[in-house]
1. Can you name the helices (runs of 4 or more DSSP H) wholly within the range 328-441 that have at least 1 residues being closer than 30 Å to Arg91 by Cβ?
2. Checking the condition in a helix (DSSP H, G or I) and without any contact (Cβ under 8 Å) to a residue 60 or more places away in the chain, which residue from Ile176, Ile160, Ile150 passes?
3. Can you name the number of the only condition in (1) in a helix (DSSP H, G or I); (2) modelled with pLDDT under 90 that Gly322 fails?
4. So, of the residues in the range 134-147 that are in a helix (DSSP H, G or I) and hydroxyl-bearing (Ser, Thr, Tyr), which turns out to be farthest from Phe78 (Cα to Cα)?
5. Among the listed residues Ser146, Ser184, which satisfies the condition of being buried (at least 24 other Cβ atoms within 10 Å of the Cβ) and in contact with a helix residue (DSSP H, G or I) (Cβ under 6 Å, 6 or more places away or on another chain)?
6. Is it the case that Leu268 is at pLDDT 80 or above, buried (at least 19 other Cβ atoms within 10 Å of the Cβ), not in a helix (DSSP H, G or I) and not acidic (Asp, Glu)?
7. So which of Phe154, Phe227 ends up being surrounded by fewer than 24 Cβ atoms within 10 Å (Cβ to Cβ), over 27 Å from Leu66 (Cα atoms) and at pLDDT 90 or above?
8. Give the residues of the range 87-108 that are over 15 Å from Val241 (Cβ atoms), of a type outside the set (Lys, Arg) and in a helix (DSSP H, G or I), sorted by residue number.
Amino acid sequence: MKLFSVRRLIDEEPLGELPSEREAFQKAFKIAWPSVLESVLIQLVSIVDTVMVGTLGSYAIAAVALTVQPKFIGLCIFISLSVAVSALVARRKGEEKRNEANRTLGQALVIAILLTVVISAACIAFANPIIKLAGSDTDTHAYAVSYFRIIMGFMVFNVISIVINAAQRGAGNTKISMRTNLVSNLVNLGLNYLLIGGHFGFPALGVNGAAIATVIGTVVACGMSIFSLRKTDGFLSLKKVIRVKFDKHTLKSLTDLGSGTLTEQLFLRIGFFTFAAIVARLGTTMLATHQIGMNIMSVSFAFGDGLSVAAVTLVGQNLGTGRRDLAKMYGWLCQRSGIAIALVLSIIYIFFGRHIFGIFSQDPEIIHYGGIIMYLLVVIVYMQISQVVFSGCLRGAGDVKFTALVSLVSVAFVRPFMGWLFCYPLGMGIIGAWIGLSIDQLVRSVMTYVRFKQGKWTNIII
């Protein structure tokens, strides 16, 4: 197909021999499929998790929904660190600098563990005002606070796994991250069944049971992630990682990339938090409807996120070998593969949207508004997958200041303002909020597309 022609994907003279379409697809697919499968499975588990919690009632879905953005604000520094680690390890892999890659991972782990202690303590101590700020109501507040304290109190296991898996993905070992998350989430689901409603003699802990199940799943993931570093002849090795010695060059690289990505994450989370609080004011039923819609949208995000992970690896490794032409080629290849996936998802959303919402709740009001949200998702999915993949390409190259700018403009300002405008002054309620979300996706997709096409990101040194 001309749309996927290797030569057409490069807007300059090749810097060397180009792979055939078959070879390019095989290489991209080898790295991408575990990441895509991992992301999709995680989101599907999250959906099942929501369905299980939903058996307790709309209040339970809303209570868990209230903790999502505060949780990610607490995790944003570690997500930022993991993006920096993945990009740096990918670049060092391309440069064949194994020791530097291991030093990067080792120093990142020490920093992450120290910061986790501080952030966990703060989240536990200030859980009440944090959840109140998120828009909790009298029927959801206590459940949300308890859930939040359990999740954030044991976040160290999740953090260690996030950082190690990011390094493994940067090295091209995407199957490792897939396996750890798959097992972790299966453990989570199994314990959800036992602890939410109380089965086989286990106590019925309700919302707290879901939190405990999640924590135990992260403990399992942490153990598997550490175990993945056991081979001394692997590109990343625990023996080399634990002999960590801080050096200015590695710290500077982590700081430069991490600070830019942290800024992006903060803008993202502040925007998402504000938007979620705006929706929460509509009441428990509308917040539950919104959360279900976000869970469904997370599936399309998962496909884009998986391709984005592959893009970070392929872009980073090819820039490390001096092949900016191949970095561009793989970026376009991942984006256009995402559009093909979006086409399939949009067809599913058109024909089965209301039925999908019905899996989560039988509330007629939720299903009614859910059907309209699904039609909006038909359009959103194309913009969402494209901007996620292009953002991954830019991060893989180290262009984190621009991705932070995109988050500032679109997520921190456009999404909350447009959501509020359509939701309240224009009186469109939950549908107005989702129109605001759609405008945010459009702005991000345009900004990242223009930046990627310009190609300035290929000249960044990290």
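1. Where helices (runs of 4 or more DSSP H) fall fully within the range 328-441 and carry at least 1 residues being closer than 30 Å to Arg91 by Cβ, they are 364-397, 400-406.
2. The match here is Ile176.
3. Unmet condition: (1).
4. It comes out as Tyr143.
5. On inspection, the qualifying residue turns out to be Ser184.
6. In short, no.
7. Exactly one residue qualifies, and that residue is Phe227.
8. Within the range 87-108, Ala87, Ala90, Gly94, Glu95 meet the criteria.
The values are calculated or read from the model by the stated rules, or taken from the named source; none is laboratory data. Only a predicted model underlies this, so the values are computations on that prediction, with no experimental measurement involved. Methodologically, a virtual Cβ is constructed for each residue, glycine included, from the backbone with ideal geometry; neighbour enumeration extends over all protein chains shown.
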